[in-house]
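Report on one structure; see the data block that follows.
Read-outs throughout are calculated quantities, based only on the coordinates presented, and are distinct from any laboratory measurement. As the structure is a computational prediction, the values presented were derived from the model and not from experiment. Cβ placement follows ideal geometry from the backbone for every residue including glycine, while neighbour counts extend to all protein chains displayed.
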Amino acid sequence: MAVWLREPGFFGTHATVGADVSQLMATFFTALFIVGWIQARQHNNDRHHWLMFGGMIAMLAFFISYYLFRSLGVLAFEGKEGFGGPQWLYDQVFVPVLTLHILLVVIGLVMAIYMMVLGFRSQTFVEGKRVLKDAILKTSGRRIAMILGGVTTIVLLFFLSRVMTSGFSMGKFSVYLGLILLIALVFGIEISIQRIWPNGARRHRVLGRFTMVIYCVLFVTGTFTYTMLYILYPGKIG
């Protein structure tokens, strides 16, 4: 898999297969989110639910599997030889945009998990139609601790099974530790946000707008780095 991702891409640029797949899937996810957002504005709640849910599930599955193989590749791990432009452009433009993009990826993954859970918790059905519950929606600290403990146990068991079959490595450990911390961060956000917006419906709408902005900016920064790295200023890699 890792070898295949380093093969020449299919868009006809200097990109690898991994970079082209990343750009293609980012376009697909963003399109699903935008269409889902439009459906919400038009009060087509059921279509909105399944478009956003499907997009977020696909995005999570893609990022987890893709970045496991590519090790968050891009230029962060390829080094300066991956960028063929001038040094000042690399230092003052490309690296800041790439850094912002990676930070948005982390925020986007956190919000994807959070919004999926919030979407299911804040919905109800009235005469067969899916609507948001206009009511207080809170989770107790005890329940959060129990859920987090259960999820952590499952992740650790899966990690131990991987260690037994293919051996231990710091890379694997970092990935699974990062996953646990990511889930813990989601629950931490829930504890803080439910104090600010206790009403589940309002919380879903406000955070939905925020999440949409994150995904749109994520797509723009990802497209920018792809264009700079593989079209305008290709280097030795790709």
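Summary of values
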| item | result |
| --- | --- |
| Extension gain (nm, one decimal) between R205 and M116, 0.36 nm per residue minus Cα-Cα | 30.8 nm |
| Inter-label distance for W50 and A184, nm, one decimal - labels placed 7 Å from Cα along Cα-to-Cβ | 3.8 nm |
| With eigenvalues of the C-alpha gyration tensor scaled by 5 and rooted, the chain, Å | 34, 23, 16 |
| FRET E, pair A31, V97, Förster distance 22 Å, beta-carbon r, rounded to 0.05 | 0.50 |
| Added length on full extension, which subtracts the Cα-Cα distance from 0.36 nm per residue, Q42 to F10 | 7.8 nm |
| Calculated FRET value between K172 and T152, using beta carbons and R₀ = 22 Å, to 0.05 | 0.85 |
| Theoretical FRET efficiency, 1/(1+(r/R0)^6), r = Cβ-Cβ of I193 and V163, R0 35 Å, to 0.05 | 0.50 |
